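Have a look at the structure below, then the notes.
The values are calculated or read from the model by the stated rules, or taken from the named source; none is laboratory data. Nothing here was measured: the structure is a model prediction, and the numbers come from that model. Don't worry about glycine lacking a Cβ; one is built from the backbone with ideal geometry, like all the others, and counts go over all protein chains shown. These area figures cover heavy atoms from the full protein model, side chains too; ligands, DNA and RNA do not enter into them. Shrake-Rupley method; radii C 1.70, N 1.55, O 1.52, S 1.80 Å.
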Amino acid sequence: MSQSAQLLARFPALARIGGLPKPALMAGGAAIITLIVVLALWSRGPDYKVLFSNIEDRDGGAIVTALGQMNVPYKLSATGNAILVPADKVHEVRLQLAQQGLPRSGEAGFELLDQTRFGASQFTEQVNYQRALEGELVSSIQGLHAVQAARVHLAIPRESLFVRDRQPPTASVLLTLYPGRTLSEAQVAAITWLVSSSVPHLTAEKVSVVDQNGRLLTSPSGDAGMDSTRRNLVNEIEQRTVGRILTLLNPLMGAGNVRAQVSADVDFAQREQTSEVYRPNQKPGEAAVRSEQTSASIQNGVLPPEGVPGALTNQPPGNPTAEIQLPPQGNAQQNPGAPNAAPNAQPGGANNAPNALGTAGNAPAQNTGTSRNDATINYEVDRTISHVKDQLGSLRRLSVAVVVNYRNNADGEAEPIPEGELEKINELVKQAMGYSTERGDTVSVINSPFSDDTPPAPPIWENPVYLNYSLQLIQYLLIALALFIVWRSIVKPLLENNAQARLDREAEKAEEEKNREQMASAERLAAEMSRYEDNLTTARNMALKDPRAVAMVLRSWMEKKDGNR
């Protein structure tokens, strides 16, 4: 006896229910499901939906107080970060709370300035402006798809009239990302530039971005390690150099016969150098004159001051007048302007010396006196001032290593490449990499046979790909086997029992129909027999009462029978 038969034998009600027709079973099942749904809805009460989620505690308390005053039922979620109200009152309650300015925190921006009070101090206005700016930045940052929530803190120092006392502002951003999402470095840089561009005198280096796990997303200032941007630059230089080398050598040596590796030494230090160089002094005719000072002094026959000191002696003398005198006779005449005239006079002219002196004393002022001429010339000092700022990420050195495989000859045997051709390959590599002796670049081209000792392919039963496929196939087979067992042990016996029960019911119905037909035929036969007996009894009674009439009826029947023949 099967399990389903045992189950039906244990619970006869199931057998009776299974014997009902399909429409009745479907109607009963639908009625039971409807009753269960109605009972569940009736027991659960009104449907609650989220009014606000992810709100702060102070806003949650204010909202709960407002809901109590409005007589609106509410519930808190299991985590406590959401407030639930009946579904038919969600929108109405939100509008009423918005009229009261709830929730107040979160994404409040410059609308805070609409609530300024009369007589507010400058400090209060500054705090409100800072809060409004933080709220606007939060709204902008939350516009990113990966950001679920954000908080921005601005540290804006007070303005000072003295430039030296001014302090730059700083900012910090806390991001809450959606599960499974991350921010790229470009997006982090965009957030830092967005915040720095919104605050006066704030630079991107003064903005710190942290995620909900406490990881610093922005690079700290003064970080000596290479960030990903620098690594990408080095990798790009190396990959481009390798690509150039392989592009030239692959058509010559064949694909797969050349291997190249490049190591780039990139200097990311940023240097600034200011130098002042003085060269040797130039010749006077070639140097540039900076300043020149000339002084000339001439004194011709000026008498020393005489007389009694006083106002008259301090007055300038009048204009001198020259007397006209005739020159004396004799050899004593000489050049008045020559100081050595007396020694050169003749002996016979000694008596003429006083006349000569008198002549000298009465001569004009320009004929006797001294002259002085001074000149001072200053030349420019020759110097050169240069300010040099090295570019960031300059290439200092390239090291290239190239390995070329042996070449196959006509017989199919590997043979080395000739030295001359190897030198040409070396020159091609230098040209492709941009070889520079000033940088100290190095190139190494080696001709060596490539190793063919590649490991053999693992067999199918050890190949991980086929192993994965086999495991998946086994899983599917096990699921199919479990379904087959359930089918054979539970579903199929139930179906067979239902089919057998249906056949039994049909056989019973056929037997009942047959019995009913037999009973009906027996009843008809009994009725006919009873009528025959009644008719025979009636005929006997008539024959006894009126034999002549019976004889006439029999004669008419016989005549009809003979006529039909």
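Remarks
- Every pair of residues 6+ apart whose Cβ atoms lie under 8 Å, when the first sits in the stretch 47-64 and is at pLDDT below 75 and surrounded by 16 or more Cβ atoms within 10 Å (Cβ to Cβ) while the second is in a helix (DSSP H, G or I) and of a type in the set (Ser, Thr, Tyr): none
- A count restricted to the stretch 242-267 and to residues that are within 20 Å of Phe450 (Cβ to Cβ) and open to solvent by less than 20 Å² (accessible area, probe 1.4 Å) stands at 5.
- All positions within the stretch 413-447 that are part of a loop (DSSP other than H, G, I, E, B) and open to solvent by less than 60 Å² (accessible area, probe 1.4 Å): Ile417, Gly434, Ser436, Gly440, Asp441
- Out of Arg505, Arg531, Arg524, Arg516, sole residue that is surrounded by 10 or more Cβ atoms within 10 Å (Cβ to Cβ) and closer than 23 Å to Leu554 by Cβ: Arg531
- Residues being open to solvent by 60 Å² or more (accessible area, probe 1.4 Å) and not in a loop (DSSP other than H, G, I, E, B) - total across the stretch 138-169: 7
- Filter pass, Leu217 being open to solvent by less than 50 Å² (accessible area, probe 1.4 Å) and aliphatic (A, V, I, L, M): no
- For the stretch 375-387, taking the residues that are open to solvent by 70 Å² or more (accessible area, probe 1.4 Å) and either closer than 27 Å to Gly440 by Cα or of a type in the set (D, E, K, R) (or both), the one that is modelled with the lowest pLDDT is identified as Glu380.
- Among the residues making up the stretch 124-154, those that are in contact with a Ser or Thr (Cβ under 8 Å, 6 or more places away or on another chain) and of a type in the set (D, E, K, R) are Glu125, Glu136.
- Any hit, the stretch 401-412, residues being farther than 30 Å from Asn235 by Cα, assigned to a loop (DSSP other than H, G, I, E, B), free of Cβ contacts under 8 Å to residues at least 24 places away in the same chain and open to solvent by 100 Å² or more (accessible area, probe 1.4 Å): yes
- Against the numbered list (1) touching a strand residue (DSSP E or B) at 6+ places or on another chain (Cβ under 6 Å); (2) open to solvent by less than 70 Å² (accessible area, probe 1.4 Å); (3) modelled with pLDDT of 90 or more, Ala190 comes up short only at (1).
- Looking across the stretch 458-473, just one residue is of a type in the set (Val, Ile, Thr) and either open to solvent by less than 90 Å² (accessible area, probe 1.4 Å) or outside any helix (DSSP H, G or I) (or both), and that is Val465.
- Contact map, the stretch 131-149: first residue free of Cβ contacts under 8 Å to residues at least 60 places away in the same chain and farther than 16 Å from Val210 by Cα, second residue open to solvent by 60 Å² or more (accessible area, probe 1.4 Å) and among the aliphatic types (A, V, I, L, M), Cβ cut-off under 8 Å, separation 6 or more or different chains; pairs are Ala132/Leu113; Ser140/Leu194.
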